[in-house]
């Protein structure tokens, strides 16, 4: 009897998911969990107002959804995009439940006055991070989500378009507006 | 210029992400709902029942059909000790009287 030992750590996300889908391979699923649990919990933590318990619940819900929808995963489909689509939809449902749906607006409050006499600040990373965090907190949920996907998760425009389910051109345009807005707000820290 | 600012945003976002994720306590495992046996249960159960039925029929088959599998009956032995059986086969090495 030849025992086949699978080195799960050496498999790609797609290969692991294929094993989950075809063989109900719980070890492959555990490896996916090991790779993405912290990443997704962090995603929910930032997107849901820093509630650690809720972010853990949402992270686990995402994985349960991955398991229960494993038949829907098709070979060759980018796994990261697929799992973030699930996470994104969970987030969106939570926003709706929290009656924050109206925050899904495309417009940006870029016409806010910026003080002309603002003195240049010391340009260190911590200062920039802190200023950016403050500006991000002022954005609406959709804008924050866009920032999260593009800059925090470092997803590409096509990936974001697939996750949010909007055309790539729209993503590019929104990203451009968002970047210009933040640039204007953070010009002293550049 | 804009590209540089985007890089700056990415670097900042990465730092913030690292910081927020490092403080999280992430459950080490996740409880997977009981794995369903897909269609195998629907195949294996009737197949096992059919095999059981066949075994039962074989064990309790009619007695006359068992004659085909009867052992040769020794009816006599000659002086050399060779056994003579009904069908004329010499089974002396196996049975001697």
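What follows draws every value from the coordinates through simple rules; no lab data is involved. Quick caveat: nothing in here was measured; it's all calculated off a predicted structure. No Cβ is skipped: glycine too gets one built from the backbone with ideal geometry, and neighbour counts run over all protein chains shown.
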Requested in this report: Count, for each residue of A:128-135, the Cβ atoms from other chains sitting within 10 Å of its Cβ, then give me the mean as a whole number.
Outcome: 3
Query raised in the report: Which stretch or stretches of the range A:63-80 have amide N atoms under 12 Å from the point lying 7 Å from residue A:156's Cα along the Cα→Cβ direction?
Result: A:78
Report summary line: Rounded to a whole number, the mean other protein chain Cβ count within 10 angstrom for residues of A:6-19 is 0
Requested in this report: Send over the per residue convex hull volume for the range A:3-61, Cα only, as a whole number of Å³.
Outcome: 85
